[in-house]
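In what follows, a single structure is set out as structure tokens and then discussed.
The values are calculated or read from the model by the stated rules, or taken from the named source; none is laboratory data. All figures in this text were calculated on a predicted structure; none of them were measured in a lab. Neighbour counts run over all protein chains shown; Cβ positions are idealised from the backbone, glycine included.
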Amino acid sequence: MFKFLELRNLDTVYFNNVIKYCQEVFHYSIRETSALVGKLQLRDNEQVKAHVLYADCLGELVGFVIFYYLPKNKVGFVETLYILEHYQDQEIGRQLYWRMMDFLKERYPQCEGHVLEICQDKENYSRRKNFFLKQGCIPLALDFFSLDPAVSKSGIRILYQPYRLNQVFSLKTMQGIFREMAINLVHTISVPVHFWDRARKRSG
């Protein structure tokens, strides 16, 4: 009934609908939309590249996930996971999420995991949090580190999904990931990169 596919052709109704929902639900600006299109069209695996997987039901868009691969730090970043309202609570989001992980592992064998930020809007926050925790995501306690107060008190919720059991986490590792995100992505994490630079200097 449901098909899960990679969106490769940008000249389709599917892509137009993805962009429509990005603008209506996630408030993408024209600049952010253009940046996404540019990242989708990249051919160089040495650059931060965007991908879209979507769920289809009888020729109709059901949901989609937009994600990136960050080559310098060998991790993915999940920007948007969205299931249309009348298709929710049918396990489609979970299937799309796990297919995205399989995609990252197959396309980028060196990928060590992926990062995501939970939307801070109060509406359905607990539902979103529980969903990602059930998938195996690990919350990162930013206030554990000696960070700039603008970061530690920002209220952002960062989760990490590791792909290997023997991974080692450090402030330096996370600083590198967020720096690559801040430099290369437009519609992404709300904390400016200079806060992470200051955090690294504080921690030595």
Qualifying positions in segment 20-60 - out of contact with any Cys (no Cβ under 9 Å at 6 or more places or on another chain), surrounded by fewer than 16 Cβ atoms within 10 Å (Cβ to Cβ) and β-branched (Val, Ile, Thr):
25, 30, 37
Residues of segment 34-51 being in contact with a helix residue (DSSP H, G or I) (Cβ under 6 Å, 6 or more places away or on another chain) and among the β-branched types (Val, Ile, Thr), which ones?
48
Name the single residue, out of those in segment 9-32 being β-branched (Val, Ile, Thr) and either within 18 Å of the chain's Cα centre (by Cα) or assigned to a helix (DSSP H, G or I) (or both), that is nearest to residue 52 (Cα to Cα).
18
Among the residues of segment 55-63, are any of a type in the set (Asp, Glu), touching a strand residue (DSSP E or B) at 6+ places or on another chain (Cβ under 8 Å) and under 19 Å from residue 161 (Cα atoms)?
no
Search segment 144-168 for residues that are of a type in the set (D, E, K, R) and pair each with any residue that is buried (at least 18 other Cβ atoms within 10 Å of the Cβ) and modelled with pLDDT under 65 when their beta-carbon atoms are under 7 Å apart and the residues are at least 6 apart or on different chains.
148/195; 148/199
Which of the following residues is aliphatic (A, V, I, L, M), under 13 Å from residue 4 (Cα atoms), outside any helix (DSSP H, G or I) and under 15 Å from the mean Cα position of the chain (by Cα): 96, 53, 81, 61?
53
